[in-house]
Number of protein chains: 2
Amino acid sequence: MQIPVRLGVRSYTIVVEPGSLAKLGDHLRPLGLGSKTALVSDAGIRARYGGPVTESLRTAGFSVVDIDVPAGESAKTLAVASACWDALVDAKLDRAATVIALGGGAVGDVAGFVAATFMRGMNFVQVPTTVLAQVDASIGGKTAIDHPRAKNMIGSFHQPRLVLVDPLTVVSLPDRDFRSGLAEIIKHGIVLDAAYFADLERSIAAMLGRDPGTLERVIGGSCALKASVIERDPEEKAEIRYTLNYGHTVGHAIEAVTGYDRFTHGEAVALGIVAEAHLARRIGLAAPETIARQEALLRAVGLPTRVTGLDPGRILDAMARDKKARDGRVPIVLAPEIGRFRVVYDVGPDQVRGALSTLEGA
Amino acid sequence: MQIPVRLGVRSYTIVVEPGSLAKLGDHLRPLGLGSKTALVSDAGIRARYGGPVTESLRTAGFSVVDIDVPAGESAKTLAVASACWDALVDAKLDRAATVIALGGGAVGDVAGFVAATFMRGMNFVQVPTTVLAQVDASIGGKTAIDHPRAKNMIGSFHQPRLVLVDPLTVVSLPDRDFRSGLAEIIKHGIVLDAAYFADLERSIAAMLGRDPGTLERVIGGSCALKASVIERDPEEKAEIRYTLNYGHTVGHAIEAVTGYDRFTHGEAVALGIVAEAHLARRIGLAAPETIARQEALLRAVGLPTRVTGLDPGRILDAMARDKKARDGRVPIVLAPEIGRFRVVYDVGPDQVRGALSTLEGA
């Protein structure tokens, strides 16, 4: 499946194809890039996939310099970005060269930030290997590193030249990571596409069984939904892109108050979806059945929908520090029904507290 | 004078107006920005202009947080950028807030980089107070910090929301800084506009006497020329933007091999213009009179046109590291006649050596 992302001179293609990892070089060749590449990855991912990817690049005529970063979120520091810049200078890469991110969302975030800022922007290619990165982080040009006091605080928009998704890479993901990625897939269905959501409801067993055909269809469909939003709002300037934030206003706050170690991002988003679904019901925007379908699907794929021990006051504080805040007002995306969204700005703290209290329930 | 820069959703205006510094708030108000601003400047500039600028902002309803950076190029480090990010987090500035750079090119470069990368891009306003910054650095969205091994190596494109030029600020500039800025003005005339160049030739005495009306006309004219290039190529993807690099391929190399302390940027560009002018003659592209007029104007405003003691081999090495290199080929902009340009790619090292030897002559 090839999904075009139409962004004028910044247009690119998302390739979703089993086995495509070993064909990266062929996909890069027509793009008119310089001959040098830097392959940014962590040691575990490089051990698993570095061989075929590098061979494919070399066969297609590209030179490859390896740049190693730590695994997971610890890659997203200024020190790691700075070491990557040093490595690019050492390797004498120029602006026509290409940084390739091979791995999960964190590798893509830091490698993208490095590519966005080296010589004011060099070519960047995403080869995501987790569900989360394939359907969400790798698409849309968001790059970031963390500030000691706030995640993703430093970054920029820098669109990739290609996103290459090999759905077979997620077959071997640890169970918790795999299920966490499904939270973003479900999110796309809830706010953007009722038919896609219904397909997910029908495909639970096949998804959890990691059937390759199902993975390709579901992951590809999710990429296409995200791409349709990016095309309409490439730099998060309008309401449409807020849809991608469904479940995240509360979800990010839950991550922040639990120190980013109790829940994975996807688990926090699942809880955020539940809280925001109940918020929609409380303000009279959504019917109980709409909330029930969201909760049922999250539960069916093994994501949490209830949690105890969260301090609602701290959640509200964390929500107020949202990057989307504008002079103190935080927009929240809600789903009036499956496949539709509405952005609301003036939800009172009491209603948010009420919705949060639902998370404590049985 | 108001100069529109038409860049679609990123369009903005360059205001060139004597006394405009004290009206910054009025010019910001119609832009729909958030209410918070951070005023980035160095201690010397802040002492001179911070008062009226801040008063104007407060009167127009903006809050102002001061962020101090070191004076000159030493502001352009990762450590300074990082301290600025910290200050923005401390001040709880959000994406609707505005970073205002008040000062010379270095302040604009680092403040722009910080604005480009904080929360993936916040509003940015340039208030340049040197000739160099007014006619060149503040326009076009280039932001940067230095890498220990290469100037401007880390940065991004981030267009300002407004550039406010008060030509009266350059009346009090130290003589060397003032004359250095004229190198960029002369460069714009050489490659872009014969009539403008002829006006400069006629206006030498009035420019050097810093006559306010002449400064406004010459600076405004130069801003308009640069804006016309930016509109056609906002992110240096095509040949047209290379015109702005006239004199800089050799000039940057001269700066690099002299450790950035023997010449100001403008002086190095003046020498680069002379070398590139002679290069154009050597490859049969330009007539001797075209070279003579460039040299004469540079000399008349007190810029260097000859230099001894440079090692041509090191200059050639430094040129090969140019950010515009693409797989090792460095484009060079030449002027076949005043007001016209041509980009050449395959100038041999012997011809460059020959042109450099001219700099040693009498």
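Quick notes on this one:
- Enumeration of residues in the range A:345-362 that are buried (at least 16 other Cβ atoms within 10 Å of the Cβ) and in contact with a strand residue (DSSP E or B) (Cβ under 7 Å, 6 or more places away or on another chain): A:Val347
- Scanning the range B:1-16 for residues that are outside any helix (DSSP H, G or I), touching a residue at least 12 places away in the same chain (Cβ under 8 Å) and open to solvent by 50 Å² or more (accessible area, probe 1.4 Å) returns B:Met1, B:Gln2, B:Pro4, B:Arg6.
- For A:Asp109: the one exception among (1) away from chain B (no Cβ under 14 Å); (2) open to solvent by 10 Å² or more (accessible area, probe 1.4 Å); (3) touching a strand residue (DSSP E or B) at 6+ places or on another chain (Cβ under 8 Å): (1)
- Residue in the range B:207-214 that is aliphatic (A, V, I, L, M), more than 14 Å from chain A (Cβ to nearest Cβ) and over 18 Å from the mean Cα position of the chain (by Cα) present: yes
- Among the residues of the range A:241-251, those that are more than 16 Å from A:Arg326 (Cβ to Cβ) and not in a loop (DSSP other than H, G, I, E, B) comprise A:Thr243, A:Leu244, A:His248, A:Val250, A:Gly251.
- Only a single item in (1) surrounded by 22 or more Cβ atoms within 10 Å (Cβ to Cβ); (2) without any contact (Cβ under 8 Å) to a residue 60 or more places away in the chain; (3) of a type in the set (D, E, K, R) is not met by A:Arg149, and it is number (1).
- For B:Gly140, the stated conditions do not hold, so it cannot be described as more than 10 Å from chain A (Cβ to nearest Cβ), over 13 Å from the mean Cα position of the chain (by Cα) and closer than 29 Å to B:Leu297 by Cα.
- Evaluation of B:Val99 against (1) within 14 Å of chain A (Cβ to nearest Cβ); (2) open to solvent by 30 Å² or more (accessible area, probe 1.4 Å) (one fails), failing number: (2)
- B:Ile67 vs. criteria in contact with a Cys (Cβ under 6 Å, 6 or more places away or on another chain), more than 11 Å from every other protein chain (Cβ to nearest Cβ) and on the phi < 0 side of the Ramachandran plot: yes
- Test: residue in the range B:48-57 that is open to solvent by 10 Å² or more (accessible area, probe 1.4 Å) and within 13 Å of chain A (Cβ to nearest Cβ): no
- Number of residues in the range B:29-39 that are more than 14 Å from chain A (Cβ to nearest Cβ) and surrounded by 16 or more Cβ atoms within 10 Å (Cβ to Cβ): the value is 2.
- Odd one out for B:Thr308, checked against (1) in contact with an Asp or Glu (Cβ under 6 Å, 6 or more places away or on another chain); (2) buried (at least 18 other Cβ atoms within 10 Å of the Cβ); (3) assigned to a loop (DSSP other than H, G, I, E, B): (2)
- In summary, B:Pro167 fulfils each of the numbered conditions (1) farther than 17 Å from B:Ser41 by Cα; (2) within 14 Å of chain A (Cβ to nearest Cβ) with the single exception of condition (2).
- Scanning the range B:264-284 for residues that are open to solvent by 60 Å² or more (accessible area, probe 1.4 Å) and of a type in the set (D, E, K, R) gives B:Arg281, B:Arg282.
- Output for the range A:152-161, where each listed residue is buried (at least 24 other Cβ atoms within 10 Å of the Cβ), of a type outside the set (S, T, N, Q) and within 11 Å of chain B (Cβ to nearest Cβ): A:Ile154, A:Gly155
- For the range A:16-48, the tally of residues that are over 15 Å from A:Leu162 (Cα atoms) and hydroxyl-bearing (Ser, Thr, Tyr) stands at 2.
- Scanning the range B:113-137 for residues that are open to solvent by less than 20 Å² (accessible area, probe 1.4 Å), away from chain A (no Cβ under 12 Å) and free of Cβ contacts under 8 Å to residues at least 60 places away in the same chain turns up B:Phe124, B:Gln126, B:Pro128, B:Ala133.
- Of the candidates B:Ala253, B:Ala287, B:Ala335, the single residue that is open to solvent by 10 Å² or more (accessible area, probe 1.4 Å) and not polar (S, T, N, Q) is B:Ala287.
- Criterion (open to solvent by less than 60 Å² (accessible area, probe 1.4 Å) and modelled with pLDDT of 95 or more) met by exactly one of A:Gly302, A:Gly313: A:Gly302
- Filter pass, B:Asp42 being loosely packed, with under 15 Cβ neighbours inside 10 Å, within 24 Å of B:Gly140 (Cα to Cα), among the acidic types (Asp, Glu) and modelled with pLDDT of 95 or more: no
- Scanning the range B:72-89 for residues that are more than 12 Å from chain A (Cβ to nearest Cβ) and open to solvent by 30 Å² or more (accessible area, probe 1.4 Å) yields a total of 3.
- A:Ala286 being assigned to a helix (DSSP H, G or I) and at pLDDT 95 or above: no
- In the range B:316-354, residue nearest to B:Thr249 (Cα to Cα) [restricted to those that are of a type in the set (Gly, Ala, Ser) and assigned to a loop (DSSP other than H, G, I, E, B)]: B:Ala325
- Criterion violated by A:Thr258 - all others in (1) open to solvent by 10 Å² or more (accessible area, probe 1.4 Å); (2) under 19 Å from the mean Cα position of the chain (by Cα) satisfied: (2)
- The range B:229-238 - residue that is within 15 Å of the chain's Cα centre (by Cα) and part of a helix (DSSP H, G or I) and, of those, surrounded by the fewest Cβ atoms within 10 Å (Cβ to Cβ): B:Val229
- Criterion (within 14 Å of chain A (Cβ to nearest Cβ), within 30 Å of A:Gly61 (Cβ to Cβ), touching a residue at least 60 places away in the same chain (Cβ under 8 Å) and open to solvent by 60 Å² or more (accessible area, probe 1.4 Å)) met by exactly one of B:Arg326, B:Arg321: B:Arg321
- Note on the range B:79-129: residues that are within 17 Å of A:Arg149 (Cα to Cα) and of a type in the set (Ser, Thr, Tyr) amount to 2.
The values are calculated or read from the model by the stated rules, or taken from the named source; none is laboratory data. Just so it is clear, the model here is predicted, and its values are computed rather than measured. Cβ: placed from backbone, ideal geometry, glycine included. Neighbour counts: every protein chain shown. Heads up: the accessible areas ignore ligands, DNA and RNA and are worked out on the full protein's heavy atoms, side chains in. Shrake-Rupley method; radii C 1.70, N 1.55, O 1.52, S 1.80 Å.
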